[in-house]
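Notes follow once the structure below has been shown.
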Amino acid sequence: PTRRSSDLIVAYFTRMILARNLTPSEYGLFYSVFTFVIFFLFFRDLGLDRALVKYIAEFKVKKQHDAIKTAISSTVLFQILSSLIFGAIFFILADFLAEKYFKNPISSILLKLLVLYVLLSIFFILLKQIIHGFQIFKIYSLVDLLKNLIVLILLVLFFRLGLKNAFAPVFAYILVCPILFLILFPFAIKVFPFYKYKIKNFKPITKKLFLFGLPVLMTAVGGKMIGYIDTLILTYFMPLKEVGIYNVILPSALMFLFLGRSVSVVAFPVVSELWAKKDKKRLSDGLKLMHKYSFVATIPLIFTVFIFSSLFINLFFGKEYVSGAFALQILLVGVLFYIVASMNHSIIAGIGKPKTVAKIILFSASINVIVNILLIPRFGIEGAAIATALSYLIALILSTYKVTKFIEVELPIMIWLKIILSGIVFVLIINYIKNLLILNPWFELIIASTTAFFVYLITIFLLKIIDLQEIKKYLKLAK
């Protein structure tokens, strides 16, 4: 499920609080170690978390309560084993990694402490999946928000007590595990009284879980690589200060992906229904609409932040991070590509081709890794930003080619060229007015962006990118 905007806002605000209370090097130290742990925890789960949700729902329908208990027990057992293995590896290699990889002695202590997070996180995640499997969506939808709020509250508490270093977020993430467990346990035990049932058919049910979970794990690897690999490679090649700056600008750019996710959540079931009905007319019309208006609608917002990137970074995180403005601009262009790519992925999955999406993401992730290794040693965070933006562009090109092939519509090359021209006009106008004015930066932003937006609207009408009759037609079609 897509994370709600409230979850993302609280998580982003947490980063702001961290950046304001830590130096860029301390901020980078925490996120380099934490990202390292989270990346490997993804493999720890073995895909069993998603498999558990599927089979709880399935066994519930069949009223096979013993099977539900067996599935839960199997998941707990194997995740404890894998957590112990990963935790032991982290603990044993902590000093070596601190010297050779993180290049900071404190990272050894942080990594050893986060072994507790590795072990404790199993239990609240398990309760979350049980609640999800039993479709208690009101509670499930609040878990991430609750987690982020607790972490934020703990951070503020630690900072007020004078603990202003990289240990504060580590302790916050460790403590959030038992707190969430205590909150979620009553709901989980109410929906499924675990103690009433027996463990039966352990081996065949475990086999089912793994047969479903491992392929799911592999298809999600690409997305995780794109999300984390930049930080992991930056940690090896660059100072921790650069890692800190990059972990400010990357989430700032990725915040805009909620625009694509919002459309994708709505599109997926609609596309599935239309494909089942073989209604290719409305599918092709909807695809054309999406390819055109997704870019048209997002360009003004993203390019406004693009031009005033230094202003926004300074406002939210402080002047120590403003040197990341150029890298943020590169990432914003990449995010613009991926907003549409993510919609394509949703449509491709909706017509029953999820493996195609997995292949696209894995290929894009592979390019991301290669380009990161080539560019980061020379260009630092700008190299990482180029790698991510390039992988997003590749995902857009491949997904657009595939989705237009499946639904049998023309590639939107001409319309996209016109939209690119309109976007260039928007950037030139807003940048010209910004340089012309000598006012408070926020007044400059309001005047420049408003003027550029009106010019942009005129441009897209003159180039016949959109017209009122077309909008009315599609609104009628949607109804």
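The values are calculated or read from the model by the stated rules, or taken from the named source; none is laboratory data. Not measured: the values here are computed from a predicted model. Neighbour counts run over all protein chains shown; Cβ positions are idealised from the backbone, glycine included. In case anyone asks, the SASA skips ligands and DNA or RNA and just uses the protein heavy atoms, side chains included. Shrake-Rupley method; radii C 1.70, N 1.55, O 1.52, S 1.80 Å.
For every residue, the table says whether it meets (1) small (Gly, Ala, Ser); (2) under 21 Å from the mean Cα position of the chain (by Cα).
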position	(1), (2)
179	no, no
203	no, no
213	yes, yes
228	no, yes
250	no, yes
254	no, yes
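Of everything listed in (1) open to solvent by 70 Å² or more (accessible area, probe 1.4 Å); (2) in contact with a helix residue (DSSP H, G or I) (Cβ under 7 Å, 6 or more places away or on another chain); (3) aliphatic (A, V, I, L, M); (4) over 30 Å from residue 17 (Cα atoms), the single unmet condition for residue 211 is (2).
The set of residues in segment 173-198 being surrounded by fewer than 21 Cβ atoms within 10 Å (Cβ to Cβ) and of a type in the set (A, V, I, L, M) consists of 174, 175, 179, 182, 183, 189, 191. The selection criterion, being assigned to a helix (DSSP H, G or I) and surrounded by 17 or more Cβ atoms within 10 Å (Cβ to Cβ), does not hold for residue 203.
Results for (1) more than 16 Å from residue 144 (Cβ to Cβ); (2) at pLDDT 90 or above, shown as yes or no for each residue.
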position: 4; (1), (2): no, no
position: 30; (1), (2): yes, yes
position: 33; (1), (2): yes, yes
position: 53; (1), (2): no, no
position: 68; (1), (2): yes, no
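Figure legend. Inter-residue proximity from segment 86-97: first residues more than 16 Å from residue 117 (Cα to Cα) and modelled with pLDDT of 95 or more, second residues in a helix (DSSP H, G or I) and open to solvent by 90 Å² or more (accessible area, probe 1.4 Å), beta-carbon distance below 9 Å, spacing 6+ or different chains. No pairs are indicated. Selection within segment 123-170: residues that are of a type in the set (S, T, N, Q) and under 21 Å from residue 19 (Cβ atoms). The member of this set that is least open to solvent (accessible area, probe 1.4 Å) is 148. Is it the case, given these coordinates, that residue 433 is open to solvent by less than 70 Å² (accessible area, probe 1.4 Å) and either in contact (Cβ under 8 Å) with a residue 60 or more places away in the chain or within 27 Å of residue 244 (Cα to Cα) (or both)? Judged against the criteria, residue 433 is not a match. The residues on offer are 180, 163, 152, and the sole one that is at pLDDT 85 or above and touching a Leu at 6+ places or on another chain (Cβ under 8 Å) is 180.
Count of segment 161-180 residues, restricted to those that are within 17 Å of residue 117 (Cβ to Cβ) and touching a residue at least 60 places away in the same chain (Cβ under 8 Å), is 7. Looking across segment 375-388 at every residue that is of a type outside the set (Asp, Glu), open to solvent by 10 Å² or more (accessible area, probe 1.4 Å) and touching a helix residue (DSSP H, G or I) at 6+ places or on another chain (Cβ under 8 Å), the one that is nearest to residue 328 (Cα to Cα) is identified as 386.
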